[in-house]
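Take a look at the structure set out below.
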Amino acid sequence: MKAIKFLLVAAMAAVATSAAAQDFNDPKYAKWGETADERKENILASQYLKEETANRHFNSAAHYLQQLIAKCPAASENIYANGVKLYKDRVNRAETLAEKKMYVDSILLLYDIRLQHFASHPKRGKVYLLERKAREYLTYKGDDREGVAEAFEAAIAAQVEAGAVDPEVVAIYFKNLCDDYQNDIVDAMTIVNVYDAHAKYFENIAPEQQEFKDQFEQCFGMSGAASCENIETIFSKKLAENPDDELIVSQAFNLMARTKCSSDFFFMVGEKYYAMHPSSGVAMLLAQSFQDIKNFDKANQYLREALAVETNAVEREKLFVRIGILEMSINNFAQAVEAFREAQAINPENAHAPFFLAQCYVNGAKGCEGLQKDAIYWVAYDLIQKSLPLLEAQDPDRIDAANQLATAYRAAFPTKEECFFNELAEGSSYTVNCGFAHGVSTRVRPRVQ
């Protein structure tokens, strides 16, 4: 212990000797005091504060800190950095709750005083200090929920003002706000409004920041505030007052779309939004939503509207398949055949086109008779066989259904007798002349009996 004290005294003596060699009348020292003697005294106090803090001599360190803040608060940001270290150490060693609270308040006060004098610092100015203070507030005064929210709101506001918002800070703030909602401290309106106002800060973020966006979205989804009922309650009144307000319509639609709402209010807002912002993506979303509630006419309308504005071949191929499946579901097999053929024309290797075309052809054979009807099963079987290897790569969940259809279609081939009486030799070419498969060529194959 004596050795440590000796080294400390020696170090301070060295600092004092170095300070004595300086000309404190130089204007560059003006921030440290009015006179040369004051400047020298305060510069030494700054050095002593650092040393005493490092050696956990808290009382003397606190004395130097108070001297510096009283006499030259704008002299150096190191005064506050060392002061925070001092009080953090004292927080960790506090023996009572009251003592700990006093030291925590001292830490936060140091940030406030530093902000008064260093807000314009190019690297560690207002944005830096308010973020640090918010994090310290959460660490040391997490039970003060209103204070935590206010600290983060101030930090984010400073970042917005500076033009660079940190997604991590927003994610931390929103998580705490959602926790407050779970504990009945804030209401659903607060959560929805904050989510809507801050979602834009996660657009075009760096890949390494994706985790903060995920946290932001998960907190919103799990909070319970994002229910369709809450969103409708909030926005129905707003839209009643301003039915054509583009911002309100956009907010309502995007929130309800993320929450997968399916109420009449959602569809009203969705169609209003589409009228303002027509796009393939929005049309596809509305089409799926209408299809989910079995409003197939509306679903078909928006799928075809998406098709009308979509120029990408891959997306058009997908749209044609979706339109075909939808038309099949409402027994519009002629339109379904047309859609699947369009998909196949774009991509001959599309697995769904032959799989569904086979079923359309069979359904279209109901008006045919005799061999003409049975011959369609040759075409249907061929299409299913073509789809099997493609489905294995593109949609393996349908393979079992495809195999079952192949077995059923093979069992419906014309009999040997039908082929004989119609003068059809096994393996010869045959062109279907009935139903949706009219004009399609295939091979003669008698049913295996």
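The values are calculated or read from the model by the stated rules, or taken from the named source; none is laboratory data. Just so it is clear, the structure is predicted and the values come from calculations on it, not from any experiment. Glycine gets a Cβ as well: all are built from the backbone with ideal geometry, and neighbour counts include every protein chain shown.
For LYS366, indicate whether it is over 23 Å from GLN288 (Cβ atoms) and among the basic types (Lys, Arg).
yes
May I ask you to say which residue of GLU153, GLU161 is surrounded by 15 or more Cβ atoms within 10 Å (Cβ to Cβ) and either in contact (Cβ under 8 Å) with a residue 12 or more places away in the chain or in contact with a Lys or Arg (Cβ under 9 Å, 6 or more places away or on another chain) (or both)?
On inspection, the qualifying residue turns out to be GLU153.
State whether one or more residues within segment 398-408 are in the same structural domain as LYS373 (by TED's automatic domain parsing), in a loop (DSSP other than H, G, I, E, B) and surrounded by fewer than 18 Cβ atoms within 10 Å (Cβ to Cβ).
No.
Touching a Pro at 6+ places or on another chain (Cβ under 7 Å), of a type in the set (D, E, K, R) and farther than 24 Å from MET268 by Cβ - does that describe any residue in segment 196-215?
yes
So, in segment 94-110, of the ones that are touching a helix residue (DSSP H, G or I) at 6+ places or on another chain (Cβ under 6 Å) and assigned to a helix (DSSP H, G or I), which residue ends up nearest to THR139 (Cα to Cα)?
This residue is VAL104.
Can you list residue pairs whose Cβ atoms sit under 7 Å apart, with the first residue in segment 95-119 being closer than 16 Å to ALA62 by Cβ and modelled with pLDDT of 95 or more and the second being surrounded by 16 or more Cβ atoms within 10 Å (Cβ to Cβ) and among the β-branched types (Val, Ile, Thr)? Count only pairs 6 or more apart in sequence or on different chains.
Pairs that qualify, where the first residue is closer than 16 Å to ALA62 by Cβ and modelled with pLDDT of 95 or more and the partner is surrounded by 16 or more Cβ atoms within 10 Å (Cβ to Cβ) and among the β-branched types (Val, Ile, Thr), are LYS100/VAL91; TYR103/VAL91; VAL104/VAL91; ILE107/VAL84; LEU110/VAL84; ILE113/ILE69.
When residues of segment 31-56 are filtered for being in contact with a Gly (Cβ under 7 Å, 6 or more places away or on another chain) and closer than 15 Å to GLU77 by Cα, how many remain?
1
Given the options ARG322, ARG398, ARG341, name the one that is at pLDDT below 95, within 23 Å of GLN291 (Cβ to Cβ) and not aliphatic (A, V, I, L, M).
Selected residue: ARG322, the only one of ARG322, ARG398, ARG341 that is at pLDDT below 95, within 23 Å of GLN291 (Cβ to Cβ) and not aliphatic (A, V, I, L, M).
Run LEU390 past the list (1) out of contact with any helix residue (DSSP H, G or I) (no Cβ under 7 Å at 6 or more places or on another chain); (2) more than 20 Å from PHE320 (Cβ to Cβ); (3) surrounded by 16 or more Cβ atoms within 10 Å (Cβ to Cβ) and report the number of the one that doesn't hold.
(2) is the only condition that LEU390 fails.
ALA16 versus (1) modelled with pLDDT under 90; (2) of a type in the set (Gly, Ala, Ser); (3) under 27 Å from ALA94 (Cα atoms): which is the lone unmet condition?
(3)
Report, by residue number, each residue of segment 252-261 that is part of a helix (DSSP H, G or I) and crowded, with 22+ Cβ neighbours inside 10 Å.
Once the filter is applied, which keeps residues that are part of a helix (DSSP H, G or I) and crowded, with 22+ Cβ neighbours inside 10 Å, segment 252-261 yields ALA252, PHE253, LEU255, MET256.
What is the residue count in segment 417-447 for residues that are outside any loop (DSSP other than H, G, I, E, B) and either exposed (fewer than 14 other Cβ atoms within 10 Å of the Cβ) or in contact with a strand residue (DSSP E or B) (Cβ under 8 Å, 6 or more places away or on another chain) (or both)?
Qualifying residue count, segment 417-447: 9.
Pairs only if they're at least six apart or on different chains, beta carbon under 7 angstrom, first in segment 299-314 and under 15 Å from GLU342 (Cβ atoms), second of a type in the set (A, V, I, L, M) and surrounded by fewer than 19 Cβ atoms within 10 Å (Cβ to Cβ); list them, first residue then second.
Filtered contacts from segment 299-314: ALA313/ILE346.
Could you identify the single residue in GLN394, GLN344 that is polar (S, T, N, Q), assigned by TED's automatic domain parsing to the domain that holds TYR430 and under 40 Å from the mean Cα position of the chain (by Cα)?
Being polar (S, T, N, Q), assigned by TED's automatic domain parsing to the domain that holds TYR430 and under 40 Å from the mean Cα position of the chain (by Cα) holds for just one of GLN394, GLN344, which is GLN394.
Considering only residues that are surrounded by fewer than 17 Cβ atoms within 10 Å (Cβ to Cβ) and either of a type in the set (D, E, K, R) or at positive phi (or both), which ones fall in segment 90-131?
Listed by number, the residues that qualify are ARG93, GLU95, GLU99, LYS100, LYS101, ASP105, ASP112, LYS123, ARG124.
Return yes when ALA70 is modelled with pLDDT of 95 or more and assigned to a loop (DSSP other than H, G, I, E, B) and no when it is not.
It is false that ALA70 is modelled with pLDDT of 95 or more and assigned to a loop (DSSP other than H, G, I, E, B).
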